[in-house]
Structures are given as structure tokens and as C-alpha cells.
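The next block holds one structure in the form of C-alpha cells; read it before the comments.
The values are calculated or read from the model by the stated rules, or taken from the named source; none is laboratory data. All values reported here derive from a predicted model rather than from experimental measurement. Cβ coordinates were reconstructed from backbone atoms using ideal geometry, including for glycine residues, and neighbour counts include every protein chain displayed. Heads up: the accessible areas ignore ligands, DNA and RNA and are worked out on the full protein's heavy atoms, side chains in. Shrake-Rupley method; radii C 1.70, N 1.55, O 1.52, S 1.80 Å.
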Amino acid sequence: MKKGIKIFLIVCACIVGLGLIGGTAAFLMVGNAANAEEYTMGSDTIKSIKAVVEKRNVTSMSTEISDGVRTESVHYQSDSVQEDLVEYIQYLRDEAGFQLTQDMDLTQIPSTVQLGKESEDPGEILILTIDYDPFGYTLTLKKGKGSLTFYD
């Protein structure tokens with residue numbers, strides 16, 4: 001009986017230990033995204049929203065590669081969504097070379113803004129989609145082969 005209890009306790013300790021390690025790793029990854037000064041995809045580098053407006057609380061992040069398209073998404077909480085987006089979109093258009101791919105109306109909440117530009121890597125494009133609501137926004141950056149149509 002004592003041997004069974006020891007094994008049970010060892011298994012429980014291992015599960016708790018792995019959970020702590022996994023939780024710490026996830027916390028550090030989200031913390032790094034919150035503090036990142038730029039987003040990098042291959043040869044392309046763009047200032048992060050944190051670098052333009054200031055640190056925001058990251059609530060989730062993901063990275064995926066499917067059919068040759070790399071996608072990175074980061075969701076931020078903010079008490080100043082419209083102000084953040086006006087400042088960040090101005091940076092994207094004036095300094096980072098992005099152009100609107102659809103009409104934009106930041107007074108409509110919730111909504112989406114989409115911008116794009118040619119990648120530094122020949123034949124590829126970058127598309128940045130910003131989905132927002134009154135409490136925050138999700139920035140989704142995609143890179144892959146394609147062409148762009150800009151909104152006038």
C-alpha cells in the first residue's frame with residue numbers, strides 16, 4: 001500500500017511540475033509579445049503597436065503556417081482603442097509603407113481595418129488585419145505569395 005501511495009504522489013508531483021513549467025513558459029511568451037518592439041516575418045520588420053502607442057495588455061497570441069502563408073495574431077486589451085488605432089494606422093501608412101485595402105471607419109465599433117504592402121521578399125505580400133471592439137483589438141499579420149488591391 002505504501003508503494004502505491006508513493007507512486008501516486010510522484011505522479012501528482014510530476015503533473016504539477018509540468019503544469020508550472022508550461023504555465024511559466026506561456027506567461028513569458030505572452031510577456032515577450034507585450035514588450036516586443038517589432039513584429040518580424042522573414043525579411044520584413046514592422047514596429048509593434050507597443051512601440052508606437054505604449055505597452056498594452058496581451059491576452060492571447062498565436063502563430064500558424066498553412067498553405068505557405070504565415071499568420072501571427074496578437075490580441076491586446078486597451079482603454080483607448082480608437083486613439084491607439086489612429087496613431088498606429090498613421091504610423092503604418094506614413095512610415096511603414098502600408099496602404100488601405102478596404103474602406104476604414106474607426107467610429108464604427110466593432111469593425112475591421114485591413115492594410116497591405118509588398119514584402120521585402122520578392123513575390124510576397126504582407127497583410128495586416130486589425131479587428132477591434134470597445135475593449136481591445138487583434139492584430140493579425142499574414143505573409144505569403146499574392147497580389148494586392150488598394151482602396152483609393
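Apart from one condition, Lys55 fits all of (1) in contact with a helix residue (DSSP H, G or I) (Cβ under 8 Å, 6 or more places away or on another chain); (2) at pLDDT 90 or above; (3) open to solvent by 30 Å² or more (accessible area, probe 1.4 Å); the exception is (2).
Residues in the range 101-121 that are over 17 Å from the mean Cα position of the chain (by Cα) and within 20 Å of Arg70 (Cα to Cα): how many? Total meeting the criteria: 6. Once the range 139-148 is narrowed to residues that are open to solvent by 40 Å² or more (accessible area, probe 1.4 Å) and of a type outside the set (Gly, Ala, Ser), the residue that is nearest to Leu115 (Cα to Cα) is Lys142. Does the range 89-106 contain at least one residue that is over 23 Å from Gly146 (Cα atoms), among the hydroxyl-bearing types (Ser, Thr, Tyr) and modelled with pLDDT of 95 or more? Yes, because at least one residue in the range 89-106 is over 23 Å from Gly146 (Cα atoms), among the hydroxyl-bearing types (Ser, Thr, Tyr) and modelled with pLDDT of 95 or more.
Being closer than 17 Å to Thr40 by Cβ, at pLDDT below 95, under 18 Å from the mean Cα position of the chain (by Cα) and not small (Gly, Ala, Ser) is the requirement here; does Ile125 meet it? Taking the combined requirement at face value, the residue does not satisfy it.
Taking every residue in the range 112-138 that is closer than 16 Å to Lys50 by Cα and pairing it with any residue that is surrounded by 15 or more Cβ atoms within 10 Å (Cβ to Cβ) and of a type in the set (D, E, K, R), at least 6 positions away or on another chain, the pairs with Cβ-Cβ distances below 7 Å are Tyr137/Asp131; Thr138/Asp131. When the criteria are applied in full, Gly136 meets the requirement of being open to solvent by less than 40 Å² (accessible area, probe 1.4 Å) and over 15 Å from Ile46 (Cβ atoms). I need every pair where a residue in the range 75-93 that is within 9 Å of Gly136 (Cα to Cα) has its Cβ under 7 Å from the Cβ of a residue that is among the small types (Gly, Ala, Ser) and open to solvent by 10 Å² or more (accessible area, probe 1.4 Å), sequence separation at least 6 or different chains. Final answer for the pair search is His75/Ser60. For the residues Asp67, Asp79, the requirement of being modelled with pLDDT of 90 or more and exposed (fewer than 10 other Cβ atoms within 10 Å of the Cβ) singles out Asp67.
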